[in-house]
Amino acid sequence: MDESLRKLVPVYALVFLRALSLSITVTGPIMPLYVRSLGVSVSQWSFLSTSFAVGLVSFEAFWGSMSDRVNRIRILIISMILMSLVLPLYTFPGLMPYFFIFQFLIGSFFVMVGPTSRALIAELSPSDRLGFNMSLWSTCFAIGGISGPVLGGLIARNYGYPTAFYASTVILLFAAVLMFITGKDGESKESSNGGISELAKNFSSIMSDQRIRTTFITAFLIFFGTSTIRSFIPIYASELFRMDEVSIGLMLSIGTGLQLLGTPIIGRLSDQINTKRLLSMLLAASGVLFLTYWFAQTPLHLTVITALVVMGFISSSVSLILLTKMADREKLGMTMGLYGSFEDLGLVIGPLIYGFVWDSFGPKYLFPVSAMALFLAIISISQVNIEG
């Protein structure tokens, strides 16, 4: 096994376990079903979901910057412990008025892992394996996200919703112990005394780099474009094509499976050819696929197109690889955190715009808007000289 991979195995394991744990409950289908069983309305659930997203957006850059100042392994362990303290609180129906606070806290602790683990992978990877190693992060996250809802559904059906939350808690604590025993940071960082002034200086330095800034915009456009699949394709397939839950789930699972197979391959390819050109080709292909939704006539057409579009989400991994190759190694954490914040903004703003388009113009107009976002991302990255 490559030396960098050997060092990163505990990090990949933690990324997988975090995704598995949270998708069993908070980020999976169990959470909305659970709160609905407690009498929460759809509008109230929307508020709870938004509270989680606000936690993501508010703290991702902060935790990223902190990972540049203190030991990253320590941050990952603390994240697991903090989430494990919040999750059991959901099992007390009497605390339901405070669920929005729990959602915000889980969101803010959840994003401790993303920028910190990405920065750690970038720090420990040699330049000729950076793309492949970073693509494995996306693969581990996706596998955990796929496995969690299935496991959560089985636990909830056989043992009840509270047991699912306890199972999530146990997985997080196991991840913390595993990282404590096996995890090794590239170097032991000491807290900086620069305080807010140093954070502001680093932020200004990162945002003043046109290449980095353009990559942030590209990330926003990619996640804005793909949020139509995450938020609206199940409703579109159900109401316009009369597909049932099993067929819709299978459609998305096929696409995710193709994405998992393709991500490491594309990651390795990005180490060998121009990353900017590779990203542009993937975005162009995805944009064209979005336009073909207009001509879908049968559930089979919809399934094939959606599976290929979901596979095209690989472009988000390539965008991250591109950023990693350009980022200042001394500011990796903050850079990854800011990048994640732009991803989160795309996921927050996208559904709002697509909801307006659906109501005002009709469902089919969602997909040209998605395609336009991806074409704009191509234009964005073509405006600057990004090598890699």
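Separation of the alpha carbons by more than 25 angstrom is noted, of K7/K331; K201/K325; K7/K201, for K7/K201.
So which residue, out of G337, G64, G145, gets the largest mean-square fluctuation from a GNM of the chain using Cα contacts under 10 Å as springs? Of G337, G64, G145, the most mobile in the Gaussian network model is G145.
Cα gyration tensor of region 103-177, axes a ≥ b ≥ c as square roots of the eigenvalues: rounded (a/c below 1.5), prolate (a/b > b/c) or oblate? Prolate.
Using a Gaussian network model of the chain whose springs link C-alpha atoms within less than 10 Å, name the residue from F52, F224, F361 with the highest mean-square fluctuation. In this elastic network of the chain, the residue with the biggest mean-square fluctuation among F52, F224, F361 is F361. Rounded to 0.05, the FRET efficiency of the E3 and W45 pair, given R0 = 45 Å and the Cβ-Cβ distance, is 0.45. With all protein chains in place and a 1.4 Å probe, the accessible surface of region 26-105 carries 74 percent carbon and sulfur. Size descriptors for region 67-215: radius of gyration and Dmax over Cα atoms are 18.3, 54 Å. The mean sequence distance of close C-alpha pairs (under 8 Å, at least 6 residues apart), as a share of the length of region 62-113, puts its relative contact order at 49 percent. Using the Cβ-Cβ distance between A284 and I349 with R0 set to 22 Å, the FRET efficiency from 1/(1 + (r/R0)^6) comes to roughly 0.45.
For region 285-388, the set of GluC sites (Glu not before Pro) satisfying both a DSSP loop assignment and a count of at most 12 other C-beta atoms within 10 Å is given as E387.
In order along region 53-66, the Karplus-derived 3J(HN,Hα) couplings, from 6.51 cos²θ - 1.76 cosθ + 1.60 at θ = phi - 60°, round to 5, 5, x, 4, 5, 6, 10, 5, 5, 4, 5, x, 5, 5 Hz, and Gly and Pro are given as x. Taking square-rooted eigenvalues a ≥ b ≥ c of the alpha carbon gyration tensor, is region 261-373 rounded, prolate or oblate, where a/c under 1.5 means rounded and, failing that, a/b exceeding b/c means prolate? Note, shape of region 261-373 comes out oblate. Residues in region 337-345 carry Karplus couplings, in order, of x, 5, 4, x, 5, 5, 4, 4, 4 Hz; the curve used is 6.51 cos²θ - 1.76 cosθ + 1.60 with θ = phi - 60°, and Gly or Pro positions show x. When a/c is below 1.5 the answer is rounded, else prolate if a/b is larger than b/c, else oblate, so apply that to region 53-93 with a ≥ b ≥ c taken from the square roots of the Cα gyration tensor eigenvalues. Since a/c reaches 1.5 but b/c is at least a/b, the shape of region 53-93 is classed as oblate. Hey, how much of the P(r) for region 1-107 falls beyond 22 Å, as a percent of Cα pairs? Tail of P(r) above 22 Å: 39 percent of Cα pairs. The distance between label points at I81 and D328 comes to 3.2 nm (points 7 Å beyond Cα on the Cα→Cβ vector). Mind telling me which of S204, S270, S317 comes out most flexible in a GNM of the chain, alpha-carbon contacts under 10 Å? With Cα springs under 10 Å in the chain, the top fluctuation among S204, S270, S317 is at S204.
Shown in residue order for region 86-99 are the 3J(HN,Hα) couplings computed by the Karplus curve 6.51 cos²θ - 1.76 cosθ + 1.60 at θ = phi - 60°: 7, 3, x, 5, 5, 7, 9, x, x, 8, 3, x, 9, 4 Hz (x for Gly and Pro).
The values are calculated or read from the model by the stated rules, or taken from the named source; none is laboratory data. Nothing here was measured: the structure is a model prediction, and the numbers come from that model. Cβ atoms come from the backbone with ideal geometry, glycine included; neighbour counts cover every protein chain shown. All accessible areas refer to the heavy atoms of the entire protein, side chains included, with ligands and DNA or RNA removed. Shrake-Rupley method; radii C 1.70, N 1.55, O 1.52, S 1.80 Å.
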